[in-house]
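Visitor: First the structure, then my questions, so here it is.
The values are calculated or read from the model by the stated rules, or taken from the named source; none is laboratory data. Because the structure is a prediction, the values reported are computed rather than measured. Just the protein is used for accessible areas: all its heavy atoms, side chains included, with ligands, DNA and RNA removed. Shrake-Rupley method; radii C 1.70, N 1.55, O 1.52, S 1.80 Å.
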Amino acid sequence: MDSAIQDFRPTAIVVMGVSGCGKSSVGEACSKALGWALLEGDAYHSPESIAKMRDGIALTDADRAGWLLRLSDLLRQRQPGEGVVLTCSALRRKYRDSLRAGHAQLGFVFLALDYQDALARVRERPGHFFSPTLVADQFATLESPAGEPGVRVLDARLPLDTLVAAVLDWLAPQACGPSGREPMTPITPMTGDTA
Ligand SMILES: Nc1ncnc2c1ncn2[C@@H]1O[C@H](COP(=O)(O)OP(=O)(O)O)[C@@H](O)[C@H]1O
Ligand SMILES: O=C(O)[C@H](O)[C@@H](O)[C@H](O)[C@H](O)COP(=O)(O)O
């Protein structure tokens with residue numbers, strides 16, 4: 001493998017995947033563990049997009065374009081060394097490339113989950129705007145990021161703590177504490193990290 005790819009250590013990450021895969025849960029836990037800021041991507045959808053999803057209407061590329069630009073701009077505004085965790089479905093390659101345009105050291109944590117498990121989680125989740133009828137569309141839209149540079153693929157069925165440990169293990173050499181200076185304590189490599 002190219003050493004530049006092997007040595008790539010993100011200073012910002014996107015926790016990505018279909019609805020229900022655990023982006024918000026894992027993103028929040030990673031942000032706390034790393035002392036990095038958390039950007040919840042769903043908070044930046046337009047009201048029209050939220051209404052569509054609530055009504056069970058899938059977003060189009062056009063619906064997502066402005067949202068991705070907003071997220072990319074937020075990444076661009078980070079100061080060097082200022083870590084950030086962004087939760088964003090980032091289902092297609094071109095969506096991920098829009099985000100990459102905003103940050104040179106951007107990594108992606110892909111929480112891989114199958115359709116049945118994602119559907120079960122979305123159905124059971126109380127009080128969320130996302131309609132379970134859209135889960136199939138999420139899978140139809142998804143282009144796996146496996147093989148793209150700066151991507152870690154994790155099994156979304158693993159316990160939350162295990163997922164967070166895997167992310168920290170990946171980031172450890174560059175991760176900073178809340179002050180942005182202290183290095184994280186190295187984490188022992190774990191099983192189940194599929195990247
Ligand atoms: N690793 C996990 N194992 C089991 N359940 C999980 C895990 N991660 C998240 N969940 C649960 O799955 C549901 C969807 O999680 P959420 O973080 O809202 O996903 P997303 O933000 O990707 O839609 C929630 O009820 C959450 O508690
Ligand atoms: O691009 C999209 O179609 C949406 O962004 C979608 O992928 C995302 O999953 C929703 O925002 C639902 O929110 P949750 O992912 O938190 O369920």
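Visitor: Any chance you could check the Cα centroid distance between the stretch 1-73 and the stretch 90-153 for me, in angstrom?
Guide: The stretch 1-73 and the stretch 90-153 have Cα centres spaced 8 Å from each other.
Visitor: How do Phe108, Phe129, Phe139 rank by accessible surface area computed with a 1.4 Å probe, from largest to smallest? Write out the running numbers ahead of the final one.
Guide: Working: Phe108 0, Phe129 35, Phe139 55 Å².
Largest to smallest exposure gives the sequence Phe139, Phe129, Phe108.
Visitor: Provide the solvent-accessible area of Asp61, counting protein heavy atoms only and rolling a 1.4 Å probe, rounded to the nearest 10 Å².
Guide: Rounded to the nearest 10, the figure is 60 Å².
Visitor: Read phi for every residue in the stretch 30-35 and hand back ³J(HN,Hα) as whole Hz from Karplus 6.51 cos²θ - 1.76 cosθ + 1.60, θ = phi - 60°, with x for Gly and Pro.
Guide: 5, 4, 5, 5, 8, x
Visitor: Could you check how many percent of all C-alpha pairs in the stretch 12-171 are farther apart than 23 Å?
Guide: 32
Visitor: Along the stretch 85-94, what does the Karplus equation 6.51 cos²θ - 1.76 cosθ + 1.60 (θ = phi - 60°) give for ³J(HN,Hα), rounded to whole Hz, x for Gly and Pro?
Guide: 10, 10, 9, 7, 4, 6, 5, 10, 4, 5
Visitor: With the contact rule set at Cα under 8 Å and sequence spacing of 6 or more, what percent relative contact order holds for the stretch 12-171?
Guide: Values: 239 pairs, mean separation 59.4, N = 160.
Relative CO of the stretch 12-171 lands at 37 percent.
Visitor: Quote the accessible area belonging to His128 in square angstrom, nearest 10, computed with a 1.4 Å probe and with ligands, DNA and RNA left uncounted.
Guide: 70
Visitor: For the stretch 1-104, report the translational diffusion coefficient in µm²/s to the nearest whole number, using Stokes-Einstein at 20 °C, 1.002 mPa s, and a Kirkwood Rh over Cα pairs. Write out the running numbers ahead of the final one.
Guide: Values: Rh = 14.5 Å.
D, rounded to a whole number, is 148 µm²/s.
Visitor: Considering amide H positions built from the backbone, and no H for Pro or chain starts, which residues 5 or more places from Phe108, or on another chain, come under 5 Å of its amide H?
Guide: HN-HN under 5 Å from Phe108: Val14, Val151, Arg152.
Visitor: With N denoting the number of residues in the stretch 59-126, provide Rg(C-alpha) divided by 2.2 N^0.38 Å, to two decimal places.
Guide: 1.29
Visitor: I would also like to ask the following. Excluding residues fewer than 8 places away in the same chain, name every one of the lysines whose C-alpha is closer than 21 Å to that of Lys32.
Guide: Lys23
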